[in-house]
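Here's the structure we're looking at; comments come further down.
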Amino acid sequence: MIKQRICGVLIIAICVFVLVITAHGRSNEDRDATAVLFLAPVGVYALFSKETDCSKWED
């Protein structure tokens, strides 16, 4: 559970980093922050979820 919360914090930190980088972009391609739309919900889920058993998805 601790590893999952640390991963959640790291993913959210990556989102903040992406937003800082894209805020200083000069062209439209440099200001594209689409990754944040996909990563932020994953980070929030990992941070606040109590489900830690990921073995049910393993074959």
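The values are calculated or read from the model by the stated rules, or taken from the named source; none is laboratory data. These numbers were taken from a predicted model, which means no experiment stands behind them. Neighbour counts run over all protein chains shown; Cβ positions are idealised from the backbone, glycine included.
What the table shows:
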quantity	calculated
Residues that are among the β-branched types (Val, Ile, Thr) and either touching a helix residue (DSSP H, G or I) at 6+ places or on another chain (Cβ under 6 Å) or within 30 Å of GLU51 (Cα to Cα) (or both), drawn from segment 1-34	ILE2, ILE6, VAL9, ILE11, ILE12, ILE14, VAL16, VAL18, THR34
Counted residues, segment 15-52 - those being part of a loop (DSSP other than H, G, I, E, B) and small (Gly, Ala, Ser)	4
Selection from segment 28-59 of residues that are at pLDDT below 90 and of a type in the set (S, T, N, Q)	ASN28, SER49, THR52, SER55
